[in-house]
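The structure appears right after this line, and notes come after that.
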Amino acid sequence: MREQTLEDADVETSTEAYARRFAGPVGAFFLARQARTTLDLLRPWPGGSVLEVGGGHAQLVGPLVGAGHPVTVYGSDPVCGERLQPWRKAEQATFRAGDLLHAPWPDRSFDVVLAFRLLPHVAHWPELLAELGRLARHAVIVDYPTRRSVNAVSGVFFPLKRGVEGDTRPFAVFRDEEIGDAFTAVGYVSTARRPQFFLPMALHRAMGSAALARTLEGGARLLGLTAALGSPVILRLERRG
């Protein structure tokens, strides 16, 4: 039996330094597509309560609040709530810190549970997915880098990613079946799969043009390349029955 350690990958993604990766027009392009996709996947539960695990990056809280969802963000450390202060002060969102693998709420406490920018950096990811499933009443939405993309050779592109982002970390890349099987084991079935970008995000950052990124990604989407080979994937899973 492997030793359990505190999962705190969200501490880094909750920093201002991490937020700067998404500054500027290219970053805005990334975040806008992520928000649109997420809100579209939430349409079956208008106004439903949302728990975002590891959401201290604050990338989705604004769009979620704007769409009328009561939002709770759960982080591994109190510091993960710092970028959420505008919404906390306005009483538009709440924050709580604790063990990501053992959240303090009863089963099915939230309509939908989200986890973005988290899964690739968590050691005990099957346990995390099980906990997300326990907390959700209806559905879980996660994002992850898939091997069905240029991430299959992510080691080759990692120097480019580090050169562009500076402080990037190694990250896990998943087979779609790994994620699906982990959720199947806790009673969930995939109901929507939305790959985001055909070309690596680091390449778009290196080129530095949102207009070029939109053009290239629009073409890839029209040709079916994004659906076949895009990453990261935003996946929605719903409770069976």
Residue by residue through segment 12-19, the couplings from Karplus 6.51 cos²θ - 1.76 cosθ + 1.60 with θ = phi - 60°, in Hz, x for Gly and Pro, are 5, 6, 8, 8, 5, 4, 5, 4
So how far, in whole Å, is the C-alpha centre of segment 1-42 from the one of segment 97-136?
15 Å
If amide hydrogens are placed 1.01 Å from N in the peptide plane, which non-local residues have theirs closer than 5 Å to the one on Ala97?
Gly75
With θ set to phi - 60°, apply the Karplus curve 6.51 cos²θ - 1.76 cosθ + 1.60 along segment 105-113 and write out the HN-Hα couplings as whole Hz, x wherever there is a Gly or Pro.
9, x, 4, 6, 7, 10, 4, 9, 10
Compute the acute angle (0 to 90°) between the alpha-carbon long axis of helix 125-135 and the principal axis of greatest extent of the alpha-carbon atoms of the chain; round to the nearest 10°.
50 degrees
Listed by chain and number, the residues whose amide H is under 5 Å from that of Arg148, excluding neighbours fewer than 5 places away on the same chain and using placed H, are Asp176
May I ask for the longest run of the chain untouched by GluC sites (Glu not before Pro) that are loop-located per DSSP and have at most 14 neighbouring C-beta atoms (other than their own) within 10 Å?
92-241
Using alpha-carbon coordinates, inclination of helix 154-165 to the longest axis of the chain, degrees:
90 degrees
Computed over the chain: longest principal axis from alpha-carbon atoms vs helix 24-41 long axis, angle to nearest 10 degrees, is 50 degrees
Net charge over other residues, Cβ less than 15 angstrom from the Cβ of Gly81 (K, R count +1; D, E count -1)
-4
May I ask for the net charge around Gly241, where only other residues with Cβ less than 14 Å from the Cβ of Gly241 are counted and Lys, Arg are +1 while Asp, Glu are -1?
+3
Rounded to the nearest 0.05, what FRET efficiency do Ala17 and Trp45 have when you use their Cβ-Cβ distance and R0 = 35 Å?
0.55
Area projected by the alpha carbon convex hull of segment 7-75, averaged over all directions, nm²:
4.7 nm²
At 222 nm, what value in deg cm²/dmol follows for the chain if DSSP H runs of at least 4 each add -39500 (n - 2.57) and the sum is divided by all its residues, to the nearest 500?
-11000 deg cm²/dmol
For segment 61-72, 3J(HN,Hα) per residue [Karplus equation, 6.51 cos²θ - 1.76 cosθ + 1.60, θ = phi - 60°, Hz, x = Gly/Pro]:
4, x, x, 5, 4, x, 8, x, 8, x, 10, 10
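Each reported figure results from applying straightforward, stated rules to the coordinates on display, with no laboratory input. Every value quoted in this text rests on a predicted model; they were computed, and no experiment measured them. Counting neighbours? That spans all protein chains shown, and the Cβs are built from the backbone with ideal geometry, glycine included.
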